[in-house]
1. Looking for whichever is over 25 Å from A183 (Cβ atoms) and not assigned by TED's automatic domain parsing to the domain that holds E416 here; the options are A75, A62, A87, A100. Which one fits?
2. For the stretch 230-253, does any single residue satisfy the condition of being surrounded by 18 or more Cβ atoms within 10 Å (Cβ to Cβ) and free of Cβ contacts under 8 Å to residues at least 40 places away in the same chain?
3. Go through the stretch 125-163 and count every residue that is among the hydroxyl-bearing types (S, T, Y), touching a residue at least 60 places away in the same chain (Cβ under 8 Å) and farther than 20 Å from D114 by Cβ.
4. State the number of residues belonging to the stretch 254-269 that are on the phi < 0 side of the Ramachandran plot and surrounded by fewer than 20 Cβ atoms within 10 Å (Cβ to Cβ).
5. Give all pairs with beta carbons closer than 7 Å in which a residue from the stretch 384-398 that is closer than 12 Å to V410 by Cβ meets a residue that is among the polar types (S, T, N, Q) and surrounded by 14 or more Cβ atoms within 10 Å (Cβ to Cβ); count only pairs at least 6 apart in sequence or on separate chains.
6. Within the stretch 409-421, can you find the residues that are at pLDDT below 95 and of a type in the set (A, V, I, L, M)?
7. Counting only residues that are within 20 Å of Q273 (Cα to Cα), out of contact with any Cys (no Cβ under 9 Å at 6 or more places or on another chain) and of a type outside the set (G, A, S), give me the helices (runs of 4 or more DSSP H) lying completely in the stretch 339-430 with at least 3 of them.
8. Kindly evaluate R205 against the criterion of being surrounded by fewer than 24 Cβ atoms within 10 Å (Cβ to Cβ) and assigned by TED's automatic domain parsing to the domain that holds I300.
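The values are calculated or read from the model by the stated rules, or taken from the named source; none is laboratory data. None of these values were measured; they are calculated from a predicted model. As a convention, Cβ positions derive from the backbone with ideal geometry for all residues, glycine included, and neighbour counts pool all protein chains shown.
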Amino acid sequence: MRQLFGTDGIRGTAGEYPLDRPTTFAVGVALAQWIGTNHLNPEVVIGMDTRESGPWIAEHVAGGLAQGGVRARSAGLISTPGLAYVARTGPFAAGVMISASHNPFQDNGIKIFDHSGFKLPDQQEHTIEGHIFAWVASQKTGQGKLPSPLKLTVDEGLDRAYVEHLASTMPDGLAGMTIVVDAANGAATHLGPALFERLGAKVDRIHCAPDGKNINLNCGALHVEALRKRVMETGATLGVAFDGDADRAMFISHSGKLVDGDGVLLLAARRLQATRGLKEVVSTVMSNLGLERALSRHGIGMVRTPVGDKYVLEEMLKRDALLGGEQSGHVIFREFATTGDGLLTALRVCDAMQTSGRDLDELTAELEIYPQLLVNVRVKERRPLEDMAAVKEEIRRMEAEFGDAGRVVVRFSGTEPLARVMVEGPKLDRVQHFAESIASAIRSELG
């Protein structure tokens with residue numbers, strides 16, 4: 001079991017363990033050891049979003065790498081998928097992204113990609129954890145070298161190569177489109193507008209003024225109210241909202257309709273079915289039953305994985321699937337990228353609109369969203385579902401009433417002492433009833 005790495009790297013409050021200065025330095029030391037053991041090119045690229053803690057964390061990771069004989073190069077402000085692209089196409093053994101995605105500015109995180117551009121498998125993260133703990137222990141005994149952060153100079157050419165790569169996927173450009181961009185005051189602040197304008201679109205910017213503390217603050221992919229208002233006021237073609245590190249995107253149609261990852265998967269699957277013969281889509285247990293049924297009507301299957309785009313990608317690779325993603329807006333187009341990419345997703349949505357001559361409302365009209373409710377239950381311990389008779393009985397009652405028109409997912413959070421109960425069905429009042437009855441049973445068993 002990994003202790004530091006969760007489903008999306010190491011994450012926590014900046015300045016506190018495991019994102020304190022000694023431990024972030026230890027991450028660099030450990031990564032250097034892993035690179036040396038695997039006889040890889042001793043060079044790593046580091047990128048970050050706009051959080052005020054990003055520079056010092058990057059410098060401590062770079063210092064740890066240098067202590068292990070590995071050179072660090074800085075891509076500066078860049079998206080997570082942009083960093084993965086640079087790691088894959090440059091002379092790098094690995095890439096390190098400093099970001100906590102959609103979390104508030106007080107949090108930060110460290111995500112590691114190998115030279116292939118893929119996030120490290122669980123076993124490799126476990127190995128790096130062992131090196132981290134060993135270095136921290138050596139500090140306590142006075143045997144290790146003291147942390148010495150390394151000042152970094154940004155290589156401006158690295159993010160430009162990423163923008164050019166994205167632009168190459170839209171040879172016909174975006175002329176005639178007006179796009180409202182909500183960059184969440186994060187990594188897409190410069191990249192998003194630069195990309196869309198490079199392709200000929202007219203861009204209207206909101207939340208593109210980062211100050212180190214306003215990333216994701218009432219804006220971006222989790223808060224689309226301001227984006228909807230601007231699209232409606234201006235009559236834009238569409239609006240796109242990114243999260244802090246721009247690996248996900250949510251959309252607002254010209255009529256004000258929200259199109260999430262499920263809607264994107266539907267329109268992208270139809271496009272890839274026509275052009276590439278796509279037969280199945282990989283998504284997670286959280287994707288709406290309405291998506292599964294809409295795909296089925298077109299002869300497209302849907303495979304579900306645990307939550308996390310890392311697990312979606314693993315299943316895509318296993319099945320050689322072209323398309324996968326999450327309801328939250330992480331969408332992976334494997335023809336072009338190794339991770340969820342909000343900017344790439346926006347281009348694929350625009351491509352579907354241009355090619356079909358239809359707007360977002362039309363492209364997602366057949367997606368009937370079933371009422372879905374998620375309840376978080378704080379727990380004192382974790383026990384297998386099979387050991388909780390009362391919880392099993394409530395689930396049995398729900399399944400008997402809903403049949404194949406409903407679903408329930410009960411899982412434990414990978415980062416917090418929470419059990420998450422998701423219930424989905426045809427009627428909201430019954431969904432609410434069963435979500436609470438199952439949650440109450442869990443509270444009785446584990447609260």
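1. On the way: A75 fails: over 25 Å from A183 (Cβ atoms); A87 fails: over 25 Å from A183 (Cβ atoms); A100 fails: over 25 Å from A183 (Cβ atoms).
Of the residues listed, the single one that is over 25 Å from A183 (Cβ atoms) and not assigned by TED's automatic domain parsing to the domain that holds E416 is A62.
2. Within the stretch 230-253 (the criterion being surrounded by 18 or more Cβ atoms within 10 Å (Cβ to Cβ) and free of Cβ contacts under 8 Å to residues at least 40 places away in the same chain), the answer is no, since none of the residues qualifies.
3. Narrowing the stretch 125-163 to residues among the hydroxyl-bearing types (S, T, Y): 127, 138, 141, 148, 153, 162.
Still in the list and also touching a residue at least 60 places away in the same chain (Cβ under 8 Å): 127, 148, 153, 162.
From what is left, the residues that are farther than 20 Å from D114 by Cβ are 148, 153.
Of the residues in the stretch 125-163, 2 are among the hydroxyl-bearing types (S, T, Y), touching a residue at least 60 places away in the same chain (Cβ under 8 Å) and farther than 20 Å from D114 by Cβ.
4. Just the residues of the stretch 254-269 that are on the phi < 0 side of the Ramachandran plot, to begin with: 254-255, 257-269.
Next cut, surrounded by fewer than 20 Cβ atoms within 10 Å (Cβ to Cβ) only: 254-255, 257-258.
So the answer is 4.
5. E394/S437
6. From the stretch 409-421, those at pLDDT below 95 are 409-420; that's our starting set.
Within the stretch 409-421, V409, V410, L418, A419 qualify.
7. Details: elements: 342-356, 360-363, 389-402.
The helices (runs of 4 or more DSSP H) meeting that bar are 342-356, 360-363.
8. On the way: surrounded by fewer than 24 Cβ atoms within 10 Å (Cβ to Cβ): yes; assigned by TED's automatic domain parsing to the domain that holds I300: no.
Taking the combined requirement at face value, the residue does not satisfy it.
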